[in-house]
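The values are calculated or read from the model by the stated rules, or taken from the named source; none is laboratory data. Since this is a predicted model, take the numbers as computed values, not measurements. In this analysis, Cβ positions are derived from the backbone assuming ideal geometry, glycine residues included, and neighbour counts consider all displayed protein chains. What goes into the accessible areas is simple: the full protein's heavy atoms, side chains included, and nothing from ligands, DNA or RNA. Shrake-Rupley method; radii C 1.70, N 1.55, O 1.52, S 1.80 Å.
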Amino acid sequence: VKTLGRNSFQFFDPEMQSSAQERLEVEKGLHQALNNHEFELWFQPQVNSADQILGAEVLLRWRHPDKGIILPGCFIHIAEESGQIVEIGNWVLLQALQQLAAWREQGLPESFKRLAINISPLQFMQVDFVDRVLEMLDQTGIPGLQIELEITENMLLNNFEIASNKMKLLKQRGISFAIDDFGTGYSSLRYLHYLPLDILKIDRSFVTGLRPSSELAAIVEVIIATADRLNLTVIAEGVETLNERSALMELGCNCFQGYLFSKPLDAKQFYQKLCASVES
Ligand code: C2E
Ligand code: CA
Ligand code: CA
Ligand code: CA
């Protein structure tokens with residue numbers, strides 16, 4: 001069961017087929033979580049090959065009063081199906097921008113580029129999504145250049161025209177786009193070419209156990225070569241070992257995210273790490 005707390009219930013196990021009753025309870029819990037401020041944002045550093053922190057991916061955590069920290073894998077899919085992900089996702093966006101605004105006031109090191117925020121398909125497809133994001137930028141004074149939105153392949157392919165139009169509007173304000181979990185969905189390289197993307201995130205499944213000259217390395221090499229041709233920056237997810245890091249570097253990937261560098265941190269810890277990384 002993917003909770004860090006004790007007494008976790010089975011309905012929080014994403015592997016379990018949860019009953020309608022259990023789903024309803026999670027939905028109720030999510031509703032309360034929003035009202036009672038039980039959600040938190042954590043931040044996982046993204047680094048370059050010189051170990052400088054370029055930014056962070058924003059990761060949602062639910063601090064449940066009884067069950068402790070609950071990971072998104074246990075509730076995001078339910079929120080997606082119930083539609084609650086729209087409200088939760090908008091909360092995440094605003095909260096992330098507000099946190100960034102606070103850090104900007106305290107001072108951000110020059111190496112810092114962007115915060116990356118996960119956007120769920122349902123949230124992205126809302127008719128007012130673009131307006132919402134632009135409003136939040138205005139409200140918080142954050143330049144679009146400091147924001148990256150992570151979206152997934154499947155969502156793009158299902159609604160190609162609409163998606164690429166929305167992306168273009170947001171890109172006019174400097175926002176960049178990452179394609180998340182690349183290689184795990186119904187990827188079509190041909191579609192990729194037409195989308196206004198900036199960053200390609202290589203999924204952890206291609207990174208775990210990566211060794212030079214292996215079959216896996218051959219696949220990753222093709223992904224990186226394709227990204228290069230499309231002028232996309234590549235970032236590897238789930239990097240846990242030095243061997244994986246060096247294999248990735250050998251293949252031309254110079255941005256990383258993973259436990260090797262840092263687990264997701266709370267806001268305070270992340271800011272401290274960010275500042276410490278430039279002092280040393
Ligand atoms: P993701 O977008 O692929 O995020 C990366 C996940 O990999 C995170 O899990 C992160 O903690 C984990 N991770 C990072 N480095 C390593 C590593 O070296 N090894 C391993 N084994 N895992 C690593 P997390 O935080 O549990 O999030 C799971 C998923 O939930 C995310 O996968 C994302 O799809 C979704 N998610 C998280 N926050 C949000 C959010 O605010 N909105 C939406 N829509 N989805 C979110
Ligand atoms: Ca992501
Ligand atoms: Ca990912
Ligand atoms: Ca993933």
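Of everything in region 248-280, what is farther than 29 Å from Ala102 by Cβ and either in contact with a Lys or Arg (Cβ under 6 Å, 6 or more places away or on another chain) or part of a loop (DSSP other than H, G, I, E, B) (or both)? Give them in sequence order.
Pass one, region 248-280, residues farther than 29 Å from Ala102 by Cβ: 248-254.
Those that are farther than 29 Å from Ala102 by Cβ and either in contact with a Lys or Arg (Cβ under 6 Å, 6 or more places away or on another chain) or part of a loop (DSSP other than H, G, I, E, B) (or both): Leu251, Gly252, Cys253, Asn254.
Within region 98-192, which strands (runs of 3 or more DSSP E) (wholly inside it) include 1 or more residues that are modelled with pLDDT under 95?
147-152, 176-182
For Ile147, indicate whether it is of a type in the set (Val, Ile, Thr), surrounded by 16 or more Cβ atoms within 10 Å (Cβ to Cβ) and within 15 Å of the chain's Cα centre (by Cα).
yes
Of the conditions (1) within 16 Å of ligand 4 (Cβ to nearest atom); (2) open to solvent by less than 40 Å² (accessible area, probe 1.4 Å), Ser205 clears all except one; give me its number.
(2)
Would region 255-269 turn up any residue that is free of Cβ contacts under 8 Å to residues at least 12 places away in the same chain and among the hydroxyl-bearing types (Ser, Thr, Tyr)?
Looking for residues that are free of Cβ contacts under 8 Å to residues at least 12 places away in the same chain and among the hydroxyl-bearing types (Ser, Thr, Tyr), one finds none in region 255-269, hence no.
Looking at region 99-122, which of its residues are farther than 24 Å from Ile235 by Cα and either within 16 Å of ligand 4 (Cβ to nearest atom) or under 17 Å from the mean Cα position of the chain (by Cα) (or both)?
Residue satisfying the conditions is Leu122 alone.
In this structure, does Glu221 turn out to be assigned to a helix (DSSP H, G or I), acidic (Asp, Glu) and either over 30 Å from Leu134 (Cα atoms) or touching a residue at least 24 places away in the same chain (Cβ under 8 Å) (or both)? Spell out how you get there, then give the answer.
Numbers: assigned to a helix (DSSP H, G or I): yes; acidic (Asp, Glu): yes; either over 30 Å from Leu134 (Cα atoms) or touching a residue at least 24 places away in the same chain (Cβ under 8 Å) (or both): yes.
When the stated conditions are applied, Glu221 passes them.
Among the numbered criteria (1) at pLDDT 95 or above; (2) more than 29 Å from Phe124 (Cα to Cα); (3) assigned to a loop (DSSP other than H, G, I, E, B); (4) not acidic (Asp, Glu), which one does Pro212 miss?
(1)
Looking only at region 68-114, which residues are open to solvent by 40 Å² or more (accessible area, probe 1.4 Å) and away from ligand 1 (no atom under 12 Å from the Cβ)?
Those that are open to solvent by 40 Å² or more (accessible area, probe 1.4 Å) and away from ligand 1 (no atom under 12 Å from the Cβ): Glu81, Ser82, Gln98, Gln99, Ala102, Arg104, Glu105, Gln106, Leu108, Glu110, Lys113, Arg114.
State all residues of region 224-247 that are crowded, with 17+ Cβ neighbours inside 10 Å, away from ligand 1 (no atom under 16 Å from the Cβ) and not in a helix (DSSP H, G or I); if no residue qualifies, say none.
Leu232, Thr233
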